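Reviewing the structure listed below.
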C-alpha cells in the first residue's frame, strides 16, 4: 500500500508541476498583453468607460490545457462558477479538487491508514466540493428565473413610457436585485460594445441554461426583422413565461412524494450500514479488510448511484 500511495503521489506531483509550468507561461503572456493594452490606451487617450472583463484567476492558480477546456464537465464547472460570481476561477477549483483527493492519500504515508479507505475518502471530499458548487449554482439559477418575469414587466413599462431599449435594460439592472439585476447590467455592457439586445441575451441564456431567456431573445430577434411594438411583444411573451412557471410549480408539488422517495431510497442503505456497525462494532469489517468485500462495496456504491439517478429521472417532469 505504501508503494501505491507513493506512486499516486508522484503522479499528482508531476501533474501539479506541469500545470504550474503552464501557469508561469500564461502569466508571462498576460503581463505582456496588459502592457500592450496599457500602451494603446495611453496613445488613444479615450475618455469612455471600458467594459470590465472578468478576471481569469486572481488566486494565482494554474493554466488549463486547451483540450481539457473543451470537455463538457469542465465547461459546466466554468458555468457554475460564473453563476456564483467567480468567473474564470476553474483552475483554482481543479487545484482544490486535486488537493482534496491527495490529502487522505498523503496521510497513509504518516499513519497506518488503509489505502482503499484513503482513496475513497479523497473521492468523497472531491465529489462533495463539486456538489456544493452545483447546489449554489442551482440556487442562483432558480432565483434568476423567479425574478425574470418581474424584470420583463419593468422593461416593458419603461419602453411604454417612451424610453429607449438600452435605458430599459439599464433600469432593470438598477432596480431588480441580484442575480437578475447584475446579469442585466452585463447585458447592458455587451450592448454598449455594439451587440444588439438579442445577441447580448444569447450569452445569458447559455449561462443560466434558461429556456425563458431564450424565448425572450427569440421574440426580440423576430421583432428586429418584422418591426412593431417591442413593449407589447415582450409583454405577451412574458405572460407565456408566467404560465410556464406556474405550471412548473404545480408539477413540482405533484412530484414531491416521488422525489422524497428517491431521497429515502438513496440515504437508507448508508444509514442502515452505519447503524449496524454502531450496534455491533466491526460488523462491516469484512467489507473493508478483504478484497472480495472491497469489490462488493464498490459495486454497491455504483449501483446506489445508478439507482439515485434513475429515481431522479423518473421523478423529473420537463415543462
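The values are calculated or read from the model by the stated rules, or taken from the named source; none is laboratory data. Here the structure is a predicted model, which is why all the values come from computation and not from measurement. Note that each Cβ is placed from the backbone with ideal geometry, even for glycine, and that neighbours are counted across all protein chains shown.
Would you check if residue 81 is closer than 25 Å to residue 185 by Cβ, part of a helix (DSSP H, G or I) and at pLDDT 75 or above? Walk me through how you get there before you give the answer.
Details: closer than 25 Å to residue 185 by Cβ: yes; part of a helix (DSSP H, G or I): yes; at pLDDT 75 or above: yes.
Yes, satisfied.
Let's see how each residue does on (1) under 24 Å from the mean Cα position of the chain (by Cα); (2) modelled with pLDDT of 85 or more; (3) not assigned by TED's automatic domain parsing to the domain that holds residue 159:
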| residue | (1), (2), (3) |
| --- | --- |
| 213 | yes, yes, no |
| 216 | yes, yes, no |
| 219 | no, yes, no |
| 223 | no, yes, no |
| 228 | no, no, no |
| 231 | no, yes, no |
| 237 | no, yes, no |
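For residue 118, the criteria (1) within 25 Å of residue 83 (Cα to Cα); (2) at pLDDT below 85 hold in every case but one, which is (1). Applying the condition of being without any contact (Cβ under 8 Å) to a residue 24 or more places away in the chain and either surrounded by fewer than 17 Cβ atoms within 10 Å (Cβ to Cβ) or in contact with a strand residue (DSSP E or B) (Cβ under 8 Å, 6 or more places away or on another chain) (or both) to segment 187-201 and asking which residue is nearest to residue 144 (Cα to Cα) yields 199. Screening 71, 61 for residues that are at pLDDT below 75, crowded, with 17+ Cβ neighbours inside 10 Å and under 29 Å from residue 179 (Cβ atoms) leaves exactly one candidate, 61.
Residues in segment 155-164 that are surrounded by fewer than 17 Cβ atoms within 10 Å (Cβ to Cβ) and touching a helix residue (DSSP H, G or I) at 6+ places or on another chain (Cβ under 7 Å): 160 alone.
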